[in-house]
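Peer 1: Take a look at this one; I'll ask things after.
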C-alpha cells in the first residue's frame, strides 16, 4: 500500500512540475529570468532566503530537541505541559503579527527576521521530540536497564533511535513552515524571495511575483524530499523495516 501511495505521490509531483513549466512559459516568468541581471538578483534573494531558513532551523532544532529531551526526564516530566504551552505561544500568533511584534523591539534587518523564524519553528520540533521519546515502550526501557545501560546510554541507544521518525516529522513540518514564513522577512528589510513576491503584487507584475513564489514552492518541496534521505541516515535500518511493516 505504501509503495502505491509513493508512486501516486511521485506522479502528482511530476504533473505539478509539468504544469508549473507551462505556467511559467505563459506568464512570462522564463523571459523574466532570462535577463542576466534579474537572474543573478533572484539567485541573491534565494541565497538570502536559504541562509535565513538554515540559521533559524539550526537554532530551533537545538532548542527544540533539548527541551523535548529535558522534559521527558523523570524530574522534569511533570512540567512538560506548561513548557510546551510556553514554547507554543509563538505559533498561536499569526506569522505576520510575529514579524510585526519582533520588528517593534528589534528593529529591521536580518536579526529580527531570524528571531521571528526561530520562534515560529521551535514548537513542532520540541513537541514531536517529547512525543516520540514518551512513546518508546516501557518494556524496551526495562530491557535496556536489565542489560546494564545507564540513563545516558538508554537515551542515545534506545530512546532517540526509536523516537527519530516522530522527531523528523516535527523537523519537516518546522522546515516547510519556516521556508514559507521567511517570505515575510522582506517586510522588515531582511531580503529573501518575498521581495519579488510583494513587489510583484504592488506592481501587478505576475512574472516578478512568480519569480519569488515558484522558487519558494520548489525550495519547500526540495526540503520535504531531502527529509526522506535524512531519515535514511538517522533511523537505523532495523527500525525502518519495522515501521514500514
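The values are calculated or read from the model by the stated rules, or taken from the named source; none is laboratory data. Just so you know, these numbers come straight off a predicted model, no measurement behind them. Ideal geometry is used to build each Cβ from the backbone, glycine not excepted, and the neighbour counts take in all protein chains shown.
Peer 1: Hey, any hits in the stretch 183-204 for a residue that's at pLDDT below 90 and over 28 Å from residue 112 (Cβ atoms)?
Peer 2: Yes: one or more hits.
Peer 1: Right, something else. Looking at 221, 210, 193, which is the one that is under 29 Å from residue 21 (Cβ atoms), surrounded by fewer than 17 Cβ atoms within 10 Å (Cβ to Cβ) and out of contact with any strand residue (DSSP E or B) (no Cβ under 8 Å at 6 or more places or on another chain)?
Peer 2: None of the others qualify; the one that does is 221.
Peer 1: Follow-up. Quick one: which of 80, 56, 62, 116 is modelled with pLDDT of 80 or more, more than 27 Å from residue 205 (Cα to Cα), out of contact with any strand residue (DSSP E or B) (no Cβ under 7 Å at 6 or more places or on another chain) and loosely packed, with under 15 Cβ neighbours inside 10 Å?
Peer 2: 62
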